[in-house]
Amino acid sequence: MSSSAISDDQAFEDVVAWVRRLGGEVNVKLGRNVHGVRGIMATKDLAEGDPILRVPPSAVLNVGPPSGFMDPVLTLIREMRTSGSRFKAYTDTLPRQGEVFNGCNFPKEYIPMLQNEHLEGTVLSWQQALLDLLNNTNISGHNLLVTDIVDDPSELSIEYLKYVCALTSTRYISGDPRPVLLMVPVFDMANYRRACPHYTQIFSEEAAGFNLMAGELVNKGDEICYDYSDLRDDRGVIHYGFLPAQQNPPLLAAVDHPNFNESHYDDQNQYSNAPFDGGPLEIQQEVSRLKGKLEELEQLEQQRPNPDPLPGFEYLHSTLLELQRRRRHSIKTEIQRLEQRLQLVRVEGRAAASLNSDEL
């Protein structure tokens with residue numbers, strides 16, 4: 001449901017009419033995909049390179065610089081609370097409280113379910129920043145304070161800030177080449193698909209505002225997707241509140257990847273999808289590392305049993321349980337592959353040594 005009292009269908013019709021009235025083009029409608037998830041579907045056949053969506057600059061919400069996520073929170077709150085906001089048609093389409101989740105609004109009881117010090121610390125730091133914001137603390141790298149938006153900060157609750165934080169951080173997109181974060185009506189209803197070929201044009205020679213272009217042939221009724229990034233399971237959950245489709249063989253979570261680095265956790269380029277390989281020693285070391293990960297997860301499960309589902313957060317609870325299962329499964333699968341690879345490398349090594357000996 002949308003954040004307003006009107007229905008999803010009416011809110012969508014209103015935002016499409018608004019975008020078109022401002023000179024935009026919309027070739028999608030609201031619908032449900034095969035999994036029952038809300039998304040946008042093509043209203044006509046589109047060739048590769050055709051516009052799926054053209055949103056003029058006057059309908060694109062600039063929520064601030066990419067230096068942090070507090071300015072976007074306050075910017076969106078201002079638009080949602082301002083009577084007569086020109087973005088009302090857009091904000092009416094946003095999910096209501098209880099319909100959008102990510103690390104911003106995880107219940108504190110659920111945070112240990114992440115079973116990783118870095119993930120837990122990241123979520124806790126986001127939520128502490130929201131508390132600081134509510135207390136009108138000037139946070140480094142941010143331009144706005146709560147008192148810039150409301151006269152009395154007590155008008156806002158921490159739960160409301162968490163909700164709006166989840167709204168913005170699951171929806172904004174980099175405004176490259178401009179150093180801004182943007183929220184784009186209709187586009188933000190496109191669901192994630194790994195390697196989705198559709199692409200954007202933003203504030204460029206091709207686009208005065210924001211364009212979503214077809215990267216492949218699209219038939220009328222097809223769901224329109226977008227590829228946020230090469231999304232690992234853990235990043236999908238804490239940043240976007242969902243698990244991407246599981247790969248076969250499964251991908252290690254970012255925090256379990258051999259290239260994991262806390263300082264560059266969100267740098268998707270460091271998580272190569274190429275299978276780990278090396279000599280016998282390197283493979284043995286990687287197997288030992290992964291077995292240590294499994295042992296750590298088992299210890300955490302014994303020390304910190306999972307909580308029962310909280311009312312209104314059942315979906316998130318099941319998602320976190322599935323994240324736990326996927327992490328264990330991907331680690332076990334990789335250990336099995338590496339142990340088989342180790343045997344092959346040793347056989348190849350003995351064969352090469354034998355060949356060298358014969359030549360001598």
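The values are calculated or read from the model by the stated rules, or taken from the named source; none is laboratory data. Treat the numbers as computed from the prediction; the structure is a model and nothing was measured. Reconstructed Cβ throughout: ideal geometry from the backbone, glycine too, with neighbour counts over all protein chains shown. SASA here: full protein model, heavy atoms, side chains in, ligands and nucleic acids out. Shrake-Rupley method; radii C 1.70, N 1.55, O 1.52, S 1.80 Å.
Annotations
- Averaging Cα coordinates gives a centre for the stretch 162-234 and one for the stretch 1-74; these two points are 10 Å apart.
- In the chain, taking the dipole from charged Cβ atoms about the Cα centre, the farthest positive-side position among Gln285, Gly349, Val186 is held by Val186.
- Dipole magnitude of the chain about its Cα centre (Cβ charges: Lys, Arg +1; Asp, Glu -1), debye to nearest 20: 520
- Taken per residue, the accessible surface of the stretch 203-360 reaches 56 Å², heavy atoms only and a 1.4 Å probe.
- Peptide packing: for 18-24, 252-258, the average count of neighbouring Cβ atoms within 10 Å per residue gives the ranking 252-258, 18-24, highest mean first.
- Candidates per GluC sites (Glu not before Pro) in the stretch 90-144, loop by DSSP, up to 15 other Cβ within 10 Å: Glu109
- Among the trypsin sites (Lys or Arg not before Pro) in the stretch 139-212, none sits in a DSSP loop with a Cβ that has at most 11 other Cβ atoms within 10 Å.
- One entry in (1) 24.4, 76; (2) 23.5, 88; (3) 33.3, 119 is Rg and Dmax of the Cα atoms in Å calculated from the shown coordinates; its label is (2).
- Of the beta bridges in the chain, as assigned by DSSP with both residues counted there, near 90 percent are antiparallel.
- When peptides 11-17, 267-273, 241-247 are sorted by average Cβ neighbour count within 10 Å, with the highest value leading, the order is 11-17, 241-247, 267-273.
- Positive-end extreme of charge dipole, the stretch 77-217 - chosen from Tyr110, Ala214, Pro95 (charges on Cβ): Ala214
- Calculated from backbone phi, Karplus (6.51, -1.76, 1.60) coupling profile of the stretch 230-244 in Hz, x at Gly/Pro: 6, 7, 7, 4, 5, 5, x, 6, 6, 8, 10, x, 8, 9, x
- Residues of the stretch 195-219 with an amide N closer than 19 Å to a point placed 7 Å from the Cα of Val34 along the Cα-to-Cβ direction: 195-198, 216-219.
- Ligands, DNA and RNA excluded, the heavy atoms of Leu217 present near 120 Å² of accessible surface to a 1.4 Å solvent probe.
- Extension gain for Gln97-Gln268 works out to 58.6 nm (0.36 nm per residue, less the C-alpha to C-alpha distance).
- Annotation: lysines with alpha-carbon distance below 22 angstrom to Lys108 (same-chain offsets under eight excluded): Lys162.
- Of all accessible heavy-atom area on the chain, the percent that carbon and sulfur account for (1.4 Å): 48
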